[in-house]
Amino acid sequence: MSIVWNWRYDVNTNELTEIGDYRTHKGKPSFTRSDSILKAIGKCIDIRVSSLKASKIPLVVIGNAPLSNGFCKKADYLKNAGIIQGFWSLNPFPLNHGNTRKTTPNGGFIRFDDIDELNESLSSLFSENLNFFSGMKSPQQLGKIIEIANYENTYQNKGLKFLQMINRS
């Protein structure tokens, strides 16, 4: 469900009349439905763990409504963990009369108010050379990987060696 507004079309006058935003609709828009959010998170995780090539794919969930309060911390956590690069709302005014959240503290959710903001975020997203990594390693295993990676001569090479070893072990 991605409906944000309710509208009435009058055939006789050929006019479209707004009759309510997402709060008055019987259904709920996707970002306010836990089943939709959980499905999106599950799909992002599925992509993330599907292959090493998928570790470089930026993942954004696009919607048109505010993120529900219950998912704000989760959105920030998922962004910080690298599972997803954000939940993005492309609707600058999802409420008829009222303000909605612009962003969460760590940018896991962002509402774009104009095309320039969206373009800026897209440019930033595609210009970064990000790599997702995960695993369950003991402190001893991690220490060994870090020590070996530290023998490389540049930060870039150290990072690449770390990623190579953590994904191989």
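Every read-out reported here was derived from the displayed coordinates using simple, explicitly stated rules and does not represent laboratory data. Nothing here was measured: the structure is a model prediction, and the numbers come from that model. Quick reminder, even Gly has a Cβ in these numbers, built from the backbone with ideal geometry, and neighbours come from all protein chains shown.
Below 12 angstrom from the Cβ of Ile110, what's the summed charge of the other residues (Lys, Arg +1; Asp, Glu -1)? Kindly include the intermediate steps, with their values, before the conclusion.
Values: positive: Lys79, Arg101, Lys102, Arg111; negative: Asp76, Asp113, Glu117, Glu120.
Net local charge, Ile110 excluded: 0.
Where a ≥ b ≥ c are the square roots of the eigenvalues of the C-alpha gyration tensor, would you call segment 39-169 rounded, which needs a/c under 1.5, or, failing that, prolate if a/b is larger than b/c, or oblate? Please list the in-between numbers first.
Values: a/c = 2.74, a/b = 2.18, b/c = 1.26.
In terms of gyration-tensor shape, prolate.
Using alpha carbon centroids, what distance separates segment 99-169 and segment 57-90, in Å?
Cα centres, segment 99-169 to segment 57-90: 15 Å.
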